[in-house]
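See structure below.
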Amino acid sequence: MIETPYYLIDKAGLLRNLEKIAYVRERSGARALLALKCFATWCVFDFMRDYMDGTTSSSLNEVRLGHERFGKETHAYSVAYADYEIDEVISHADKIIFNSISQLERFAGKSAGIVRGLRLNPQVSSSSFDLADPARPFSRLGEWDAAKVAKVMDRISGFMIHNNCENSDFALFDRMLTDIEAKFGALLEQAEWVSLGGGIHFTGENYPLDLFADRLKAFSEKYGVQVYLEPGEAAITNSTTLETTVLDTLFNGKNLAIVDASIEAHMLDLLIYRESAKVAPNTGDHPYMICGKSCLAGDIFGEFSFPEDLKTGDRVSIQDAAGYTMVKKNWFNGVKMPAIAVKELDGSMTSVREFTYRDYEQSLS
């Protein structure tokens with residue numbers, strides 16, 4: 001038994017997503033790059049590598065990790081590159097995507113020997129959260145003026161356009177892609193490749209994979225471009241749990257159970273977006289508020305139902321704990337960092353990383 005808390009990556013869950021990604025790649029001709037900003041737990045990269053074409057990044061550290069640990073095609077993107085990191089970024093990348101024309105011009109000389117692209121902002125997105133909306137007013141994410149971009153087409157060969165966010169609606173994806181064609185069609189005709197980014201939940205249940213793949217293929221053939229997708233959540237959704245143990249129970253108007261993990265430290269994205277975690281099973285006549293062990297008053301995973309009263313030592317399994325979790329875990333309160341474990345296809349389980357006091361100490365100075 002592995003001591004809780006720990007993240008448990010189930011390869012069978014990963015495989016369900018990866019097989020859908022492989023199907024879309026085969027039917028559409030699109031290439032799929034793992035978005036490391038969402039999931040960068042490299043102990044399963046060797047398993048994912050056979051179903052994907054490489055990685056895409058948002059920083060020097062991510063591009064280096066993608067190059068060294070995943071291999072295959074490595075795309076480098078950043079909102080802004082610093083002078084001291086640009087040479088190393090280029091040394092690890094197959095393509096570099098600049099966020100702005102000014103960054104492209106600033107590093108034109110240094111990047112002359114690598115495939116270059118530019119991020120476009122179509123000023124429309126599927127995001128319902130202003131915090132995550134790349135097309136929000138005054139957005140710094142990408143260029144929107146086609147006339148300005150046309151003047152630098154001699155320096156780039158492709159584009160990255162990321163305006164989907166947890167979009168499980170194919171019709172909405174289709175409409176937004178049509179809008180992109182209307183705004184940037186003349187530029188797309190001059191391009192060799194186009195990345196449509198991530199945030200497309202095409203591995204979800206009942207998503208029309210054939211319609212999606214055929215739309216990508218039609219787009220690719222219309223403009224003569226290699227299409228890229230950058231699945232993050234789509235690659236790892238419903239593949240990982242955060243396994244916890246109840247440390248204490250109390251009643252304060254509601255039944256409360258305190259577990260040995262923290263939403264603030266171990267599932268921060270839920271706190272940022274004020275969303276509840278998912279727990280399985282979530283049925284029964286015994287409701288509990290599951291609380292984290294940090295001192296933050298709002299360190300609460302959510303309210304769930306259980307078949308029996310919870311008691312100290314019981315296990316609580318927090319679902320869908322891969323995307324934007326391990327990449328954001330932190331040492332708030334010095335709370336024990338969850339280990340990382342992998343469940344193999346044959347059902348065996350292995351702990352691949354445990355964190356100690358020394359890791360906490362060395363994260364500071």
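The values are calculated or read from the model by the stated rules, or taken from the named source; none is laboratory data. A quick note: this is a predicted structure, and the numbers were derived from the prediction, not measured. Here Cβ is always computed from backbone atoms with ideal geometry, including for glycine, and neighbour counts include all displayed protein chains. Surface areas here come from the heavy atoms of the whole protein model, side chains and all, with no ligands, DNA or RNA. Shrake-Rupley method; radii C 1.70, N 1.55, O 1.52, S 1.80 Å.
How much of the accessible area of the range 215-365, probe 1.4 Å, is carbon plus sulfur, in whole percent? Write down the numbers at each step before the final one.
Values: 3670 of 7370 Å².
Carbon with sulfur: 50 percent of the solvent-accessible area.
Could you tell me the accessible area of D346 in Å² (1.4 Å probe, neighbours in place), rounded to the nearest ten?
130 Å²
Dipole size in debye (nearest 20) for the chain around its Cα centre, Lys and Arg Cβ +1, Asp and Glu Cβ -1?
Magnitude of the dipole: close to 740 debye.
Give the residue from V79, T325, F202 lying farthest towards the positive end of the charge dipole for the chain; charges sit on Cβ (+1 for Lys and Arg, -1 for Asp and Glu) and the dipole is referred to the Cα centre.
The residue sitting most towards the positive pole is V79.
Distance cut-off 24 Å, Cα to Cα: go down the list K110/K151; K72/K278; K20/K217; K183/K222; K72/K151 and report the pairs above it.
The answer is K72/K278; K72/K151.
Can you find, among A30, I2, L118, the residue sitting farthest towards the positive end of the charge dipole of the chain, where Lys and Arg contribute +1 and Asp and Glu -1 at Cβ?
L118
Roll a 1.4 Å probe over the protein chains and send me the accessible area per residue for the range 293-365 in Å². Before the final figure, lay out each step's value.
On the way: 4130 Å² over 73 residues.
Heavy-atom SASA per residue in the range 293-365 reads 57 Å².
With all protein chains present, calculate the accessible area of T356 using a 1.4 Å probe and round the result to the nearest 10 Å².
Using a 1.4 Å probe on the heavy atoms, I get roughly 80 Å².
Using amide H atoms built 1.01 Å from N in the peptide plane, name the residues 5+ places from V115, or on other chains, whose amide H lies under 5 Å from its own.
It is I96, by chain and number.
Kindly write out, for the range 340-357 in residue order, the coupling ³J(HN,Hα) from the Karplus curve 6.51 cos²θ - 1.76 cosθ + 1.60 (θ = phi - 60°), rounded to whole Hz, with x marking Gly and Pro.
10, 10, 10, 9, 6, 4, 8, x, 6, 10, 9, 7, 9, 7, 10, 10, 10, 3
Would you list, by chain and number, the lysines whose Cα falls below 16 Å from the Cα of K254, excluding same-chain residues fewer than 8 positions away?
Of all the lysines, those that pass the test against K254 - Cα under 16 Å, at least 8 places apart if same chain - are K311.
Go through the range 45-50 residue by residue and turn each phi into a ³J(HN,Hα) via Karplus (6.51, -1.76, 1.60, θ = phi - 60°); whole Hz please, and just put x for glycine and proline.
4, 5, 6, 7, 4, 6
Tell me, in nm to one decimal, what length is gained between D248 and D210 on full extension, where the rule is 0.36 nm per residue of separation less the Cα-Cα distance?
Additional length available on full extension: 8.8 nm.
If I ignore ligands, DNA and RNA and count only protein heavy atoms, how much of L345 is accessible to a 1.4 Å probe, in Å² to the nearest 10?
100 Å²
Given a 1.4 Å probe and every protein chain left where it sits, what share in percent of the accessible area of the range 51-107 is carbon and sulfur?
That fraction is 43 percent.
At 222 nm, what helix-only mean residue ellipticity would the chain give, in deg cm²/dmol to the nearest 500, using -39500 (n - 2.57) for each DSSP H run of four or more?
Values: 12 runs with 99 residues, N = 365.
Estimated from H runs of four or more residues: -7500 deg cm²/dmol.
Using a Gaussian network model of the chain with C-alpha springs under 10 Å, which one of S125, S139, S78 is most mobile by mean-square fluctuation?
Among S125, S139, S78, the largest mean-square fluctuation in the Gaussian network model of the chain belongs to S139.
Got the relative contact order for the range 1-58 handy, in percent, Cα pairs under 8 Å and 6 or more residues apart?
37 percent.
Quick one: Karplus J couplings for the range 246-254, per residue in order, coefficients 6.51, -1.76, 1.60, θ = phi - 60°, nearest Hz, x for Gly and Pro?
With coefficients 6.51, -1.76 and 1.60, one gets 6, 9, 6, 10, 7, 10, 9, x, 9 Hz.
Picking from Q226, H266, S239, whose Cα lies most toward the positive end of the charge dipole for the range 216-271 (charges on Cβ: Lys, Arg +1; Asp, Glu -1)?
Q226
Provide Rg and Dmax in Å for the chain, with only Cα atoms included in the calculation.
21.8, 67
Percent relative contact order of the chain, based on C-alpha pairs within less than 8 angstrom and at least six residues apart?
On the way: 793 pairs, mean separation 73.1, N = 365.
Reported as a whole number, the value is 20 percent.
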